[in-house]
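First the structure, in the form of structure tokens, and then the observations on it.
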Amino acid sequence: MTAQPIGYFVHHQGRGHAERATALLNALVQSRPVEIFTARPDIFRHLDPAIGLTQIPSLFEPTGAEAPNMRSLPEPAITHCAPLGWPSIREAMATLTGWFSAANPALFVTDVSAELGQLARLCSVPHVAVLQHGRRTDIGHMAAYESAVGIIAPYARLLEQDDRPAWMQAKTHYAPGLGIDVPALPSRDDARRALGLPLDGRIVCVVGGGGGEGLPSTPLTLGARQDPHSRWFTLGKITSEWHETAPGNLTHLGWVNNAAEWIAAADRIVSSCGNTTVHTVLAARKPWIVVPEWRYFDEQLCKAQALEKASLAAMSPHWPSHRGAWEALWTIADGIDLSSQAQFIDPAAAQNTAAWLDRLATELWADTPAAQTPNMKAVA
């Protein structure tokens, strides 16, 4: 008998959702069918061709067909994004519920959507929630976590927040570094040779995330200017202000396809707190300053605080505004025990999580009788 499939919803803001889903599902599809649901199929690279991919409308981007008179109606506390009068949302939900009925899935994983987790539960489909850092004790998130049969946390247990209740942690599978190809990271010197950089001289790599407004260049000019013996390179989008004066040791590279190689080549890192960036730096083991970007529910701020608490990075809640602030942060970052950083990465996170999901699905559906077609009779 063919194993029941697992459905997987992937949010399309940022890159981390798709990267960890790809790693996990490439491993999981070896044991049972998998179907991805997302609004942006183009965010996936290197997916196993056996994985199904269904495009659904975005759950938060309007198309112009929405009913304008309901635009300002307040959200109920149990949801975060459930506007009324959106045909695109009805289409997305119809696609999902139709697949639930036709495929009889073993599990439905959400990375991330509290609403879709609750939808799966209402449709009698076991739900697994992907857990992110942040202040998520509101009724909407907690309802999704409480109704879930399991939770996946793509970080180490030692980076867990203090406000996670025991019942949540009891059903959480921790997958530190899920989506990060640790063995593929080159050494510092090999990375520099590949990038055409000199082997001597200090390099600072500043990494921005893919889900925000970009790196502000003004604080970076201050940081590079107070560090004249280093070369500073930025990766990602840059936002500029008219009054900044860029020093000669600061180069903006924009988006690159080999960010991990630049991180490996650097001697020091400054970054936001996106999941992929965080775990790539941990794997590379570098002196590190984290500056969280704005995210819903203080996601990056809470992750930065967890990194600081674990003595893995120097944390500033906002960009340094003067030379002394940069110097104080580097003093902390240079004192980090770099050997401890790698302990927060599991090179087999994808395989271990796939095995956990497959085992959970098997246990939940064990000894379930085969579905039977009921006898129907006409009633005059």
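Output the residues belonging to segment 292-316 that are outside any helix (DSSP H, G or I), in contact with a Ser or Thr (Cβ under 8 Å, 6 or more places away or on another chain) and under 23 Å from Ala18 (Cα atoms).
Pro292, Glu293
Quick check on this structure: which one of Pro183, Pro165 is open to solvent by less than 70 Å² (accessible area, probe 1.4 Å) and more than 23 Å from Gly236 (Cβ to Cβ)?
Exactly one of Pro183, Pro165 is open to solvent by less than 70 Å² (accessible area, probe 1.4 Å) and more than 23 Å from Gly236 (Cβ to Cβ), namely Pro165.
Considering each residue of segment 1-47, count those that are farther than 19 Å from Asp358 by Cβ, open to solvent by 30 Å² or more (accessible area, probe 1.4 Å) and aliphatic (A, V, I, L, M), and give that number.
The qualifying residues number 1.
Within segment 145-160, which residues are open to solvent by 20 Å² or more (accessible area, probe 1.4 Å), closer than 27 Å to Arg285 by Cβ and part of a loop (DSSP other than H, G, I, E, B)?
The one that is open to solvent by 20 Å² or more (accessible area, probe 1.4 Å), closer than 27 Å to Arg285 by Cβ and part of a loop (DSSP other than H, G, I, E, B): Glu160.
Within 29 Å of Pro186 (Cα to Cα), open to solvent by less than 10 Å² (accessible area, probe 1.4 Å) and in contact with a Phe, Trp or Tyr (Cβ under 6 Å, 6 or more places away or on another chain), is that true of Ala304?
Answer is no for this residue.
Which one of these is touching a His at 6+ places or on another chain (Cβ under 8 Å) and open to solvent by less than 80 Å² (accessible area, probe 1.4 Å): Thr353, Thr368?
Thr353
So, in segment 243-271, of the ones that are among the small types (Gly, Ala, Ser) and in a helix (DSSP H, G or I), which residue ends up farthest from the chain's Cα centre (by Cα)? Write out each step before concluding.
Here is the first cut: in segment 243-271, the ones among the small types (Gly, Ala, Ser) are 246, 248, 254, 259-260, 264-266, 271.
Narrowing further to those that are in a helix (DSSP H, G or I): 259-260, 264-265.
Working: Ala259: 16, Ala260: 16, Ala264: 21, Ala265: 24 Å.
Here the answer is Ala265.
Out of all the residues in segment 190-217, which are among the aliphatic types (A, V, I, L, M) and under 17 Å from Trp294 (Cβ atoms)?
Selection gives Val207, Leu215.
Specify the residue that is most open to solvent (accessible area, probe 1.4 Å); the eligible residues are those in segment 333-347 that are of a type outside the set (D, E, K, R) and in a loop (DSSP other than H, G, I, E, B). Talk me through it step by step, then tell me what you get.
The initial filter retains those residues of segment 333-347 that are of a type outside the set (D, E, K, R), namely 333, 335-336, 338-345, 347.
When the remaining residues are screened for being in a loop (DSSP other than H, G, I, E, B), the result is 335-336, 345, 347.
Working: Gly335: 64, Ile336: 21, Ile345: 20, Pro347: 88 Å².
Filtering first and then ranking leaves Pro347.
Do we have His80 as within 26 Å of Ile139 (Cα to Cα) and touching a His at 6+ places or on another chain (Cβ under 9 Å) here? Steps first, please.
Values: within 26 Å of Ile139 (Cα to Cα): yes; touching a His at 6+ places or on another chain (Cβ under 9 Å): yes.
Against the criterion (within 26 Å of Ile139 (Cα to Cα) and touching a His at 6+ places or on another chain (Cβ under 9 Å)), His80 qualifies.
For segment 307-321, what are the residues that are in contact with a Leu (Cβ under 7 Å, 6 or more places away or on another chain) and open to solvent by 70 Å² or more (accessible area, probe 1.4 Å)?
Passing the criteria: only Pro317.
Working carefully through the options Trp330, Trp326, Trp319, find the one that is under 20 Å from Gly223 (Cβ atoms) and in a loop (DSSP other than H, G, I, E, B).
Details: Trp330 fails: in a loop (DSSP other than H, G, I, E, B); Trp326 fails: in a loop (DSSP other than H, G, I, E, B).
The match here is Trp319.
Please go through segment 218-242 and give me each residue that is surrounded by fewer than 19 Cβ atoms within 10 Å (Cβ to Cβ) and over 19 Å from Asp267 (Cα atoms), ordered by number.
Answer for segment 218-242, where residues must be surrounded by fewer than 19 Cβ atoms within 10 Å (Cβ to Cβ) and over 19 Å from Asp267 (Cα atoms): Thr218, Lys237, Ile238, Thr239, Ser240, Glu241, Trp242.
Of all residues being open to solvent by 10 Å² or more (accessible area, probe 1.4 Å) and in contact (Cβ under 8 Å) with a residue 60 or more places away in the chain in segment 131-140, which is nearest to the chain's Cα centre (by Cα)? Just the residue, please. Spell out how you get there, then give the answer.
Within segment 131-140, the first condition is being open to solvent by 10 Å² or more (accessible area, probe 1.4 Å), and the residues that meet it are 132, 135-139.
Filter again for in contact (Cβ under 8 Å) with a residue 60 or more places away in the chain, leaving 132, 135-136, 138-139.
Numbers: Gln132: 7, Arg135: 16, Arg136: 15, Asp138: 20, Ile139: 22 Å.
So the residue we want is Gln132.
In segment 48-68, what count of residues is obtained for those that are outside any loop (DSSP other than H, G, I, E, B) and open to solvent by less than 80 Å² (accessible area, probe 1.4 Å)?
Counting residues in segment 48-68 that are outside any loop (DSSP other than H, G, I, E, B) and open to solvent by less than 80 Å² (accessible area, probe 1.4 Å) gives 3.
Checking the structure you have, find out if any residue of segment 206-219 is part of a loop (DSSP other than H, G, I, E, B), farther than 30 Å from Val112 by Cβ and in contact with a helix residue (DSSP H, G or I) (Cβ under 9 Å, 6 or more places away or on another chain).
Going residue by residue through segment 206-219, those that are part of a loop (DSSP other than H, G, I, E, B) are 208-214.
With farther than 30 Å from Val112 by Cβ added as a condition, the list becomes none.
The answer is no; no qualifying residue exists.
Residue under question is Pro176, and the condition is that it be at pLDDT 95 or above, open to solvent by 30 Å² or more (accessible area, probe 1.4 Å) and not in a helix (DSSP H, G or I); does it hold? Steps first, answer last, please.
Numbers: at pLDDT 95 or above: yes; open to solvent by 30 Å² or more (accessible area, probe 1.4 Å): no; not in a helix (DSSP H, G or I): yes.
Criteria not met by Pro176.
Among the candidates Glu75, Glu115, Glu91, single out the residue that is acidic (Asp, Glu), open to solvent by less than 60 Å² (accessible area, probe 1.4 Å) and either in a helix (DSSP H, G or I) or out of contact with any Asp or Glu (no Cβ under 6 Å at 6 or more places or on another chain) (or both).
Sole residue among the options that is acidic (Asp, Glu), open to solvent by less than 60 Å² (accessible area, probe 1.4 Å) and either in a helix (DSSP H, G or I) or out of contact with any Asp or Glu (no Cβ under 6 Å at 6 or more places or on another chain) (or both): Glu115.
The values are calculated or read from the model by the stated rules, or taken from the named source; none is laboratory data. Since this is a predicted model, take the numbers as computed values, not measurements. Ideal geometry is used to build each Cβ from the backbone, glycine not excepted, and the neighbour counts take in all protein chains shown. Quick note on the areas: whole protein, heavy atoms, side chains included, nothing else; ligands and nucleic acids left out. Shrake-Rupley method; radii C 1.70, N 1.55, O 1.52, S 1.80 Å.
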